[in-house]
Amino acid sequence: MNCYEGKRLNNQEKDIIEWLKNLDSEFCFWDEIAKTQPQTFDEQKYSIADFEPSVFTQTKEIRVLDLGCGPRGALKDKYDLPSNIKLYACDPLAFLYMDILKKYNLKPSRSIDFCLAELLSAFYPKNYFDYIIAQNALDHSINPQMAIQECLKVLKIGGVLYLKHEENEAEVQKYSGLRKWNFSLDSNNDFVISNQTSSINVNEIYVDFAKVESKRSYVDSKVLINTKIHKQKGVEFLAELDNKEVFKLYLTSFMAAIQEKIQESALQK
């Protein structure tokens with residue numbers, strides 16, 4: 001089964017270009033937060049244990065990835081983690097975020113690695129992480145279906161990908177900025193990713209490789225989609241040539257766009 005359903009490189013190029021056009025909105029949002037609400041950079045809501053309650057009782061070495069962590073880090077577990085828990089954080093806009101933090105003399109809660117979720121296995125070894133946690137992140141990505149596939153590549157057999165996102169955020173925000181994907185559940189509680197032109201049932205795609213469980217939760221007026229994807233087998237879909245070509249395109253485009261934003265920011269200081 002092909003995770004792309006026939007989507008080839010030329011369409012991926014269009015997705016990348018469209019996503020890059022909307023970097024300004026994300027940069028301006030976090031620049032304003034850093035300028036006017038710097039105290040919020042120490043107010044993360046969730047702990048690793050909120051997703052995996054047993055994590056602090058385990059004695060083996062555990063690797064956890066905070067994927068799409070933003071400039072603050074999405075997890076509040078900054079200090080005094082047990083020595084057996086190794087917490088990593090990564091984001092495609094890591095360089096932009098570090099520039100914003102420097103601009104306002106803010107310190108990052110932890111080191112943030114540059115990564116592309118859609119090509120995560122180019123940045124981390126396969127079968128490496130025990131848990132990956134993505135909050136309010138993959139619905140902002142270029143291709144969340146590809147990102148999930150890559151998460152499964154770098155997860156160990158038996159590892160778990162946890163997703164927590166607002167339901168149908170792209171529709172609610174009228175597809176503005178980087179919000180191009182909706183996360184929702186169908187009548188069978190299957191996890192569905194959709195936009196204005198397509199809809200993907202994640203349970204069906206990964207039925208041979210992973211167990212997918214989802215539920216809704218409610219926080220204030222928000223409806224959250226909580227999905228747990230438990231890797232049961234190895235996942236290898238992409239041809240190596242496609243992976244290298246897309247990686248080259250992503251990296252070149254990203255670095256050019258990010259360098260442009262950093263230069264603009266420097267001129268405004």
Next item on the list: Scan the range 29-86 for residues that are more than 29 Å from G177 (Cα to Cα) and part of a strand (DSSP E or B) and jot them down.
Entry: I62, R63, I85, K86
Next item on the list: Examine the range 88-107 for a residue that is assigned to a loop (DSSP other than H, G, I, E, B), crowded, with 21+ Cβ neighbours inside 10 Å, free of Cβ contacts under 8 Å to residues at least 40 places away in the same chain and among the charged types (D, E, K, R), and state whether such a residue exists.
Entry: no
Checklist line | Verdict on K215 being under 18 Å from A134 (Cβ atoms), of a type in the set (K, R) and under 17 Å from the mean Cα position of the chain (by Cα) | finding: no
Next item on the list: Report, ordered by the first and then the second residue, all pairs with beta carbons closer than 6 Å, sequence separation of six or more or different chains, a first member in the range 21-36 that is surrounded by 13 or more Cβ atoms within 10 Å (Cβ to Cβ), and a second member that is assigned to a helix (DSSP H, G or I).
Entry: L23/A257; F27/L96; F27/K261; W30/I100; D31/I100; A34/I100
Next item on the list: Please work out which residue is nearest to P53 (Cα to Cα), limiting yourself to the range 159-180 and to residues that are in a loop (DSSP other than H, G, I, E, B) and modelled with pLDDT of 95 or more.
Entry: E167
Next item on the list: Mind listing whichever residues of the range 111-123 are in a loop (DSSP other than H, G, I, E, B), within 14 Å of the chain's Cα centre (by Cα) and surrounded by fewer than 21 Cβ atoms within 10 Å (Cβ to Cβ)?
Entry: F123
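The values are calculated or read from the model by the stated rules, or taken from the named source; none is laboratory data. Since we're looking at a predicted model, the values are computed, not measured. Reconstructed Cβ throughout: ideal geometry from the backbone, glycine too, with neighbour counts over all protein chains shown.
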